[in-house]
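> This is the structure I want to talk about, given as structure tokens.
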Amino acid sequence: MKQFVYVKPFLFWLSILSAVAVLLAIKSSWVSSTKEDELHDLQESSPRKIRKQQRKEERELTEQLRYDVTKQIFINEGPLRRLLDLKAARSEVRVLSKRPHMRVVETFYNVEGFVQHELYYVASDGKEVIYDLQGALVYRNKSPYAQAVSSLQPKQQFRYFVADEAMYDFHTGQLLAEKCHFWTYRADGHDKVENPLSLIPEAEGEARRMTFFVGATDAKNQFSAEFIKVQFTPEGGI
């Protein structure tokens, strides 16, 4: 009889304990799922994940190695063409994708370069003559030049440089040279000067970094440099 009296309380508390155990199991499962989501969010926001996403935004599609490289790029200015001439021990051509655009970059190593900044003329009276944006001959002060081009003496301003490396961006038309030594000249003619170091430079200098804005139409805006040292030659030579 006593055994029957204690059976009902026992079953009652056993059912309560079972219900509590089930609730704890459900809560534990829900907490684990929440923590897993939080961990996933943390991983998604980690610097490594962000860098990986950035690499996806700009990634290298292809690369080509070349040796004993010569590169010539011509820039039209009216009937004239300025020259960018590069020679290097080797180069790397890369195609980069940055959504939604693609661009081609070539990096030259142990490079020497010849950059024509301006092609112009000198008239018989000593004044300088150039082509304007409409392709007409004008003096520097923009007044028209009425005589034939055959009466003019062709001249050019150019820079010659050597550098550890130089990168040319075909999209922007910029040439960025690192650790370079350069010389600035004025010379007769519009053709490339094959041995520029045989001439007396207007200036000689060194720079940690130089940028040539090859496509710029104004010669004053075609060149910039960082940490530059320049020595100018007195007029008439040394």
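The values are calculated or read from the model by the stated rules, or taken from the named source; none is laboratory data. Please read these numbers as outputs of a predicted model, since none were measured by experiment. FYI the Cβ positions are ideal-geometry reconstructions off the backbone, even for glycines, and counts take in every protein chain you see.
> Six or more apart or on different chains, Cβ atoms under 7 Å: show the pairs whose first residue is in region 62-79 and touching a residue at least 40 places away in the same chain (Cβ under 8 Å) and in a strand (DSSP E or B) and whose second is surrounded by 11 or more Cβ atoms within 10 Å (Cβ to Cβ) and β-branched (Val, Ile, Thr).
Partner pairs satisfying both residue conditions: ILE73/VAL214; ILE75/VAL214; GLU77/THR217.
> Taking the residues in region 185-211 that are among the small types (Gly, Ala, Ser) and in contact (Cβ under 8 Å) with a residue 12 or more places away in the chain as candidates, determine which candidate is surrounded by the most Cβ atoms within 10 Å (Cβ to Cβ).
Ranking the qualifying residues of region 185-211, first place goes to ALA207.
> Do we have LYS220 as among the basic types (Lys, Arg) and modelled with pLDDT of 90 or more here?
So LYS220 does not fit the description; no.
> Could you say whether any residue in region 172-185 is among the small types (Gly, Ala, Ser), modelled with pLDDT under 95 and within 30 Å of the chain's Cα centre (by Cα)?
Taking every residue of region 172-185 in turn, at least one turns out to be among the small types (Gly, Ala, Ser), modelled with pLDDT under 95 and within 30 Å of the chain's Cα centre (by Cα).
> Working only within region 172-187, note down all residues that are farther than 13 Å from GLN116 by Cβ and not in a loop (DSSP other than H, G, I, E, B).
Matches in region 172-187: GLN174, LEU176, ALA177, GLU178, LYS179, CYS180, HIS181, PHE182, TRP183.
> Let me ask something else. Listed residues THR34, THR70; which is surrounded by fewer than 14 Cβ atoms within 10 Å (Cβ to Cβ), polar (S, T, N, Q) and modelled with pLDDT under 55?
When all the criteria are applied, what remains is THR34.
> Considering only residues that are exposed (fewer than 15 other Cβ atoms within 10 Å of the Cβ), modelled with pLDDT under 90 and of a type in the set (Val, Ile, Thr), which ones fall in region 96-132?
Once the filter is applied, which keeps residues that are exposed (fewer than 15 other Cβ atoms within 10 Å of the Cβ), modelled with pLDDT under 90 and of a type in the set (Val, Ile, Thr), region 96-132 yields only VAL104.
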